[in-house]
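Before any comments, here is the structure.
The values are calculated or read from the model by the stated rules, or taken from the named source; none is laboratory data. On a predicted model such as this, the values are computed, not experimentally measured, just so you know. Every residue, glycine as well, gets a Cβ built from its backbone with ideal geometry; the counts of neighbours run over all protein chains shown. To get the accessible areas, we keep the full protein, side chains included, count just its heavy atoms, and leave off ligands, DNA and RNA. Shrake-Rupley method; radii C 1.70, N 1.55, O 1.52, S 1.80 Å.
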Amino acid sequence: MKHPLRWVALGVAIIVAAFAVVLAANVGKDPNADARTSKLTGKPAPAFTVEALNGEQISLASLRGKTVIVNFWNTWCLPCQNELPALQSWYAAHRSDPSIVMLGIVRDDTDAAVRDYVKTQKIPWTVAFDRGSKTALDFGTRGQPETYAISPDGVIVGSILSEVTPSILDQMVAVAQGT
Amino acid sequence: MRAQVGVLGLIIGLVGAVSGVVFLGLGIRFREHVHVVWGRRAVFVMLGGAVLAVIAMEWALLTHDYTIKYVAENNARATPLLFTVTGLWAALQGSILLWALILSGYITFMAVRFRKRLDDRLVQWALVVALSVAVFFFLFMIIAANPFKLVSGATPADGTGPNPLLQNHPLMAFHPPMLYLGFVGMTVPFAFAMAALITGRFGEGWLEDTRRTTLIAWGFLTVGIILGAWWSYEVLGWGGYWGWDPVENASLLPWLTATAFIHSVIVQERRGMLRVWNLSLVIATFCLTILGTFLTRSGVINSVHAFTESSIGPWLLTFLGICAGAGLALIAWRADELHAPGRIDSPISRESAFLANNLLFTGLAFIILLGTVFPLIAEALTGNQLSVGGPYFDRMTTPVGLVLLFIMAAAPALPWRAASGDVLRRRLLVPAYIGASVMLLTIVLWTRDVETVIAFGLAAFAFSAIVRETWVAVRSRRRADSTNSVLALRRTVAGNPRRYGGLVVHTGVLCIAVALAAAGSFGSKHEVQLDHGKSATVDGYHVTFKGVHSERSGQKATVSVELGIHKGGRSLGTYAPALSTYPNSATAIATPSVHTGLFEDLYLTLVSSPNQRGRVTVGVARNSMTLWIWLGGAIMAIGTAIALTPTKRRRRSPDLEPDDDVDDELAEMAESEVPA
Amino acid sequence: MSRRAWAWFGLGVLVVGVLAVALWPRGHESTAARAHRLETEIKCVDCESLSVADSETDTARAARADILERVRHGESDATIRQAYVDRFGQSVLLKPATNGIGLLVWALPVGLLIVGAGGIVLALRRWQRQPRMKATEADEELVERTRAELTKGRKT
């Protein structure tokens, strides 16, 4: 070795190699993977009040004691349109269950488009507007569609930050009801 | 047909590059001229292959040949002509093809420029290294990123068209090619540096051989980066020109090390010192261009720019490893012989200023590199994700930038070797007082923000110093030749174009520094809601909503609003910010409309299109001194061109190299003979 | 002090004075200013690397309104930042926190610059200690002669 420059070169080589390993380990990994599950899981759901299509104000407090499925969506997002049939079929199977409430919250959309969509798609569950995206922000949503399950005592027990399926909904409800 | 021609071009390029390496290798080994000549011919074959492939791709784009996957993904029948042509570099595979073409061009330039020195082992090894890099890029394209890959299944009737952001503005024609001319150009000094290490000829020869090319590549890179900032401002519509986006940072890193290199090269030329440092700098610059390409293309870090494909990453990373590893190994091998006996005589001298310059530029590069890749490192070490964004970079780079500004002001006035108090006083005291006065003026008139105050003061200091240096030299020249000032100025600059070109570049940097400081402290952002025909006043600007315009062109549906702008009773014209939607993209793309003023821009955006009642929301922002960034960039380009002009030998003393010391001495002597 | 020294001293006084005025602590940061500063530190989650201050997406606007409201309510910077971290994770902060691994990204560059500067200072010292070459009589003569020649050449 002898010359000090060789030690410097070796040091630099080690740092560069370590750096290359870090880069290599991350190739192919999705940088957005952080956003798969909600950070609020296990924490109390943020209080919210949203305005339903018929003008009625719906607050989370008023839904206490029930299992609440909150689905964030809007009319122009393609995955939302894709998951609609799944939501429809799941809701049809559970609509007679009084302990479950389904709430669709719309943000970043126009009132007219939403009313139109609800009418043509015959959406039977409650749809409400999130004016100014406040509720979406409180829930920490990064986009849509996102679905959250809130237990009867107001805790977020499950979430899916992409398109939902009936089996996922069943799982979330099971956790919420402690079964 | 076109795809086959294209692939043929790629193969010819690869064959040319490989045979070039082989023949030159044989020439080096057996020292026979005939091998070297064939090696040189192989370079032209490689260039031919690259040109053929590019022609094939442009042909395919212009004829909308959708059997080729790349064309189907980056072109549509309705795409305008300009953006069809620029489709060559719209996405990953095409931009690698452009890289290969430019690289072939630079290597051909090397082969032609050094044709009389082809038996020189330094030149031979440099060509071998450069050709090896070309081999990589051609191989990479043929195996991993083939631009001529065919569509699987049926040929689509129409293509999807380029990314909407890439067909919004004619700048698309200039920004990527300029940037690549810069990046790829760094291969030449890299090749010579490696050759210098291999042949053991690490004196100043390789520096002299590559000086011009490095400066040309640096000039292109500077212009490319400024154009990118302009694009961000005029096209992307978020109101800023630099977002500390990972890809933006990746383009800045090699620029920073190249700038350090341009300065420290001068120290090696004069004093023979810093040999290892310069070799390392140029190798690092080249590696950073590859790293930048890797970060952009591999999707490792989220970015507005990144166009990604997962098989690319491993290839580029391996190549990066080989280049960095080879460079380090060569330096380690030659370690004993690299030490030069030079020394620096005084801490206050131009050499020391250049040392400080290098430390700070390297520091900046380190900060930006660390900040850009830190999310990856943090995740690797802790598993958590964190972000490093604008606030970090601003906070860390601003102090370093301010110190650099100070050094830039003082250094051209510092003599080589050692500065006496007398010289410092004569050259710097008055400019320093001017700078301090501007600081005072800033506080009194404009703002108390300490960073802006210091930046303005230093810029004034630097500008006064530059003016003084130039003026003294022009004046002595005018007396010596008994001519007018204009001619004297031309002769002064022609007599030492490196110095005066450099001073012009510094002036450009000053403009940008002032603009950055002003942007941080001044300006405002508002939103107004306007009904048709109504006006609002924002910070002295009177904005009237005159009309709405809807348009469909090709794939684009655009809504624009006409806004009449008045200031102080005078009309500034009608501006039309717009929102565009494309069928294959859910979000709308905002196109800003900008009124460019000398000291202030009025930046108008359409935040939301007219609602049912015809009301629009318009963003009105005042941006301070943005024009000075583009002006500064243009001045830097002019300065680079000046620095590249050949030196005119003086009439009286044909053997004298332009020497700042002698210039200064003579100027001072002439000065001191004038009766007070 | 000599006149020359006074000139530099005056400069020093002027610069220090101006800096003192600039750095003098001013009153409270206004609500709007504080909100804006926090907005530049929170990432817009819909975008690539923009802050909520710069972005125009719906989420960003909601976040700006939310931050302004919190600032008006008197919530501290730390509380506001924590509220966002709770909902979006650590990566929503554009300025990495100084506790934990984030400290590295702040400390390493500073460390490097200090080490680099120290290295240069040490090298300069080493060079200073080496004996200087002294010009001989013959050298001085040569320099004078050349200078004379040059000035003569220029004047004709």
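Points worth noting:
- Set B:633, B:614: member being within 30 Å of residue B:493 (Cβ to Cβ), away from chain C (no Cβ under 14 Å) and open to solvent by less than 30 Å² (accessible area, probe 1.4 Å): B:633
- Taking every residue in the range C:56-68 that is more than 7 Å from chain A (Cβ to nearest Cβ) and pairing it with any residue that is assigned to a helix (DSSP H, G or I) and among the acidic types (Asp, Glu), at least 6 positions away or on another chain, the pairs with Cβ-Cβ distances below 7 Å are C:64/C:39; C:67/C:39.
- Exclusive hit being aliphatic (A, V, I, L, M) and either within 22 Å of residue B:144 (Cβ to Cβ) or touching a helix residue (DSSP H, G or I) at 6+ places or on another chain (Cβ under 7 Å) (or both), set B:55, B:28: B:28
- Filtered residues of the range B:459-495 (kept if within 12 Å of chain C (Cβ to nearest Cβ), of a type in the set (Gly, Ala, Ser) and closer than 25 Å to residue B:429 by Cα): B:476
- Pairs are defined by a Cβ separation below 9 Å, a sequence spacing of at least 6 or placement on different chains, a first member in the range B:500-512 that is of a type in the set (A, V, I, L, M, F, W, C), and a second member that is not in a helix (DSSP H, G or I); the pairs so defined are B:511/B:625.
- The requirement of being buried (at least 23 other Cβ atoms within 10 Å of the Cβ), under 31 Å from the mean Cα position of the chain (by Cα), among the polar types (S, T, N, Q) and within 12 Å of another protein chain (Cβ to nearest Cβ) is fulfilled somewhere in the range B:443-458, by at least one residue.
- Qualifying residue in the range B:485-492 (condition: open to solvent by less than 30 Å² (accessible area, probe 1.4 Å), among the small types (Gly, Ala, Ser), assigned to a helix (DSSP H, G or I) and farther than 30 Å from residue B:343 by Cα): yes
- Enumeration of residues in the range B:540-578 that are touching a Lys or Arg at 6+ places or on another chain (Cβ under 6 Å) and among the charged types (D, E, K, R): B:562
- Scanning the range C:3-46 for residues that are open to solvent by less than 30 Å² (accessible area, probe 1.4 Å) and outside any helix (DSSP H, G or I) returns C:42, C:44, C:45.
- Evaluated against (1) of a type outside the set (A, V, I, L, M, F, W, C); (2) more than 22 Å from residue B:442 (Cα to Cα); (3) touching a Lys or Arg at 6+ places or on another chain (Cβ under 8 Å), residue C:40 falls short on exactly one condition, (3).
- In the range B:397-414, the residues that are in contact (Cβ under 8 Å) with a residue 40 or more places away in the chain and within 13 Å of another protein chain (Cβ to nearest Cβ) reach residues that are acidic (Asp, Glu) and open to solvent by 20 Å² or more (accessible area, probe 1.4 Å) with C-beta atoms within less than 8 angstrom, at least six apart or across chains, in these pairs: B:398/B:451; B:402/B:451.
- Screening A:119, A:134 for residues that are open to solvent by 10 Å² or more (accessible area, probe 1.4 Å), in a helix (DSSP H, G or I) and either within 30 Å of residue C:67 (Cβ to Cβ) or within 14 Å of chain C (Cβ to nearest Cβ) (or both) leaves exactly one candidate, A:134.
- Every pair of residues 6+ apart whose Cβ atoms lie under 6 Å, when the first sits in the range B:218-230 and is touching a residue at least 40 places away in the same chain (Cβ under 8 Å) and open to solvent by less than 30 Å² (accessible area, probe 1.4 Å) while the second is part of a helix (DSSP H, G or I) and of a type in the set (S, T, N, Q): B:219/B:640; B:225/B:251
- Taking the range B:112-132 as the range and being buried (at least 24 other Cβ atoms within 10 Å of the Cβ) and closer than 13 Å to residue B:44 by Cα as the test, the residues that pass are B:127, B:131.
- Of all residues in the range C:33-55, those satisfying the criterion of being within 7 Å of another protein chain (Cβ to nearest Cβ) and under 20 Å from residue A:161 (Cα atoms) are C:43, C:45, C:46, C:48.
- Residue in the range C:79-99 that is farthest from the other protein chains (Cβ to nearest Cβ), counting only those that are at pLDDT 90 or above and open to solvent by 40 Å² or more (accessible area, probe 1.4 Å): C:79
- Only one entry in A:86, A:92 is modelled with pLDDT under 90, in contact with a helix residue (DSSP H, G or I) (Cβ under 6 Å, 6 or more places away or on another chain) and not in a loop (DSSP other than H, G, I, E, B), namely A:86.
- Those residues of the range A:107-116 which are more than 7 Å from chain C (Cβ to nearest Cβ), in a loop (DSSP other than H, G, I, E, B) and open to solvent by less than 50 Å² (accessible area, probe 1.4 Å), in sequence order: A:109
- The set of residues in the range A:51-71 being over 22 Å from residue A:170 (Cβ atoms) and in contact with a strand residue (DSSP E or B) (Cβ under 7 Å, 6 or more places away or on another chain) consists of A:51, A:52, A:53, A:57, A:58, A:59.
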